[in-house]
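To start, the structure itself, in structure tokens.
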Amino acid sequence: MAFTIKKICCIGAGYVGGPTMSVIAQQCPDIQITLVDMNAERIAAWNDPDLDQLPIYEPGLSAIVEEARGRNLFFSTDVEAAIEEADMIFISVNTPTKNYGKGKGMAADLKYIELCARQIAAVATSDKIVVEKSTLPVRTAAALKSILHNTGSAVNFHILSNPEFLAEGTAVQDLLNPDRVLIGGENKDAIQALVDIYSRWVDTDRILTTNLWSSELSKLTANAFLAQRVSSINSISELCEKTGADVQEVARAIGMDSRIGSKFLKASVGFGGSCFQKDILNLVYIARTYNLDEVADYWEQVILMNNHQKQRFADNIIQTLFNTVNGKKIAILGWAFKKDTNDTRESAAIYVADHLLNEQADIHVYDPKVPSEKVFVDLEYLNSRPAAETRRLVSVSEDPYEACKDAHAIAILTEWDEFKEYDWARIKRHMKSPSFIFDGRKLLDRVKLEEIGFIYYAIGE
Ligand code: UDX
Ligand code: ADP
């Protein structure tokens, strides 16, 4: 039986659900899309007439929201009403790593997903296609299915896996022009219904259909491979620093081999973001569950290398500042996990700052898009010290020049373009001497900064 999709509901109006539904709404004006979230503040922000107040920052997103909102794109806290009306329900709620119990620090916490499934099961009175969009461990679909099919009602549920491959900061472009769209499922008509939506703007040869588990596992594998490339080049960056090789030159030389390719070879202070670490941990956890210890150890090393990179970046700052940063002002430029997003989940900046705070450094943070309270919340979440101590040692500046004033050192932790345009001579004049820059993104121009009088360290040089 072919499905006609007139109404879509998406549960979870975050970094994934927000941009994805906005783009679908823009491309399919005849489909009514309701994005629901239990977080009323977030929904209010999505509905704010001032587009600068949208809860997430993504280049190009506000224009799309402006075009579709109120036409066929709606934001609401009424989860049940939206479920009831919808022909197709996307689940894009958060799946953080468990911080308690079995699988703590490794497995994904599926409580939000399960809650959604139970809510759908309780409310639905007509057949639904349920699409898992969140990043999930393999076989989550099986759990969803079991909850949905044991409701005792006559309603049919068809479960699809449609992993997101969008990267933050380029989400809109990634959605409009994806390398591929992946749809996993069992029911051919349900799969076709979702293919029909994407094929309005994506070539059908880029839309892959697989079984449910292949789709789920492909998502984890894609992120594991990408993260592995970053850890691989980061491991070489340390070797470069010891041998006099330059990691950018090495990356360029190997990247020109078409078998290797040039992307994701940028050495950095360490990868962050909500996906890479979580997905690898899921992969490791699944492998361990099946007693595949060699497989688990292999992938775990990608995370261990990343932790090492963040730690050694902080250690290098401490060592260079004559083995003590106690009471020394250190400016951190960039708190987001990459440029062009206000997302800070797993950002390397959090861990570098935490190491420096262990040494009682006086930290001043500036980020063009991250609200100041977020910086404190991120640090407090680590639970490394009493909140009062964090608030005593850390300040957040609205102005980069203020953040750098009287600092002993500056650490560049996000590759925001605006950092390249600063008046570095002016910054130097107001810093302590010697004035150090630790460039965790290899963003700035060594020659120019050394001419001004900075002592400049970059990853992999
Ligand atoms: C990632 C995947 O790219 C995307 O397909 C998936 O859907 C979600 O996870 P995202 O986390 O948004 O996207 O950003 P990404 O561009 O992949 O960067 C992740 C981290 O790696 C960032 O901290 C980034 O700065 C770092 N990185 C990336 C490097 O350090 N070097 C690189 O060469 C590339
Ligand atoms: P992601 O990066 O995966 O999009 P976010 O944390 O940005 O993650 O977004 C997930 C959203 O899902 C949050 O805004 C959260 O409030 C919402 N959410 C989680 N569980 C539910 C639920 N049962 N019903 C409605 N919204 C939910």
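The values are calculated or read from the model by the stated rules, or taken from the named source; none is laboratory data. Please read all numbers here as calculations on a predicted model, not as lab measurements. In this analysis, Cβ positions are derived from the backbone assuming ideal geometry, glycine residues included, and neighbour counts consider all displayed protein chains. These area figures cover heavy atoms from the full protein model, side chains too; ligands, DNA and RNA do not enter into them. Shrake-Rupley method; radii C 1.70, N 1.55, O 1.52, S 1.80 Å.
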Whole-Hz Karplus ³J(HN,Hα) for the range 37-43, in order, using 6.51 cos²θ - 1.76 cosθ + 1.60 and θ = phi - 60°, x for Gly and Pro? 8, 7, 8, 5, 5, 5, 5
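Assign one of three labels to the range 43-114, namely rounded, prolate or oblate, based on the Cα gyration tensor with a ≥ b ≥ c the square roots of its eigenvalues; rounded applies when a/c is under 1.5, prolate when it is not and a/b is larger than b/c, and oblate otherwise.
oblate
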Difference of contour (0.36 nm per residue) and Cα-Cα distance, Ser232 to Asn156: 22.7 nm
Where a Cα-Cα gap under 22 Å defines reach, which lysines qualify for Lys6, not counting those fewer than 8 residues away within the same chain? Lys128, Lys133, Lys188
Spatial extent of the range 7-210: Rg and Dmax, with the Cα atoms as the point set, Å: 16.3, 46
Average accessible area per residue (Å²) across the chain - probe 1.4 Å, nucleic acids and ligands excluded: 44
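Once R0 is set to 25 Å, what does the formula 1/(1 + (r/R0)^6) return for the Cβ-Cβ distance between Asp50 and Glu84, expressed as a FRET efficiency to the nearest 0.05?
0.20
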Tell me which DSSP H helices of the chain clear both cut-offs, 27 Å or more of axial length from alpha-carbon atoms and a mean Kyte-Doolittle hydropathy of at least 0.0. 212-243
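Within the range 16-86, list the trypsin sites (Lys or Arg not before Pro) lying in a DSSP loop whose Cβ has at most 14 other Cβ atoms in a 10 Å radius.
Numbers: sites: Arg42, Arg69, Arg71; in loops: Arg71.
The qualifying sites are Arg71.
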Note down the relative contact order for the chain as a percent, whole number, built from C-alpha pairs under 8 angstrom at least six residues apart. 12
Once all Cα-Cα distances of the chain are split into 10 Å bins that start at 0, what whole-number percent is in each one? 4, 19, 28, 25, 16, 7, 1, 0
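Per DSSP H run of n ≥ 4, the term is -39500 (n - 2.57); total these for the chain, divide by its residue number, and report the mean residue ellipticity at 222 nm rounded to 500 deg cm²/dmol. Walk me through the numbers before you get to the answer.
Details: 18 runs with 202 residues, N = 461.
The helix-only estimate for the chain comes to -13500 deg cm²/dmol at 222 nm.
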For the range 304-458, what is the convex hull volume of the alpha-carbon atoms per residue, in Å³? 100
Cross-link candidates for Lys442: which lysines have Cα within less than 21 Å, leaving aside residues fewer than 8 places away along the same chain? Lys242, Lys263, Lys266, Lys310, Lys338, Lys339, Lys369, Lys420, Lys428
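Take every Cα pair under 8 Å in the range 1-115 that's 6+ residues apart, average their separations, divide by the length, and report that relative contact order as a whole percent.
Values: 183 pairs, mean separation 38.0, N = 115.
Result for the range 1-115 is 33 percent.
Taking 8 Å as the Cα distance limit and 6 or more residues as the minimum spacing, I'd like the relative contact order of the range 156-240 as a percentage.
Working: 85 pairs, mean separation 26.0, N = 85.
Relative contact order of the range 156-240: 31 percent.
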With a 1.4 Å probe and all protein chains in place, put Glu373, Glu415 in order of accessible area, largest first. Glu373, Glu415
With the cut-off at 1.5 for a/c, could you classify the range 245-333 from its C-alpha gyration tensor as rounded, prolate or oblate? oblate
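What shape does the range 55-176 have by the C-alpha gyration tensor, where a ≥ b ≥ c are the square roots of the eigenvalues, rounded means a/c under 1.5, and otherwise prolate means a/b greater than b/c and oblate the rest?
Numbers: a/c = 2.08, a/b = 1.19, b/c = 1.75.
Judged from the Cα gyration tensor, the range 55-176 comes out oblate (a/c at least 1.5, b/c at or above a/b).
Run the accessible area of the chain with a 1.4 Å probe and give the carbon-and-sulfur part as a rounded percent. Walk me through the intermediate numbers first.
On the way: 10170 of 20370 Å².
Exposed carbon and sulfur together represent 50 percent of the surface.
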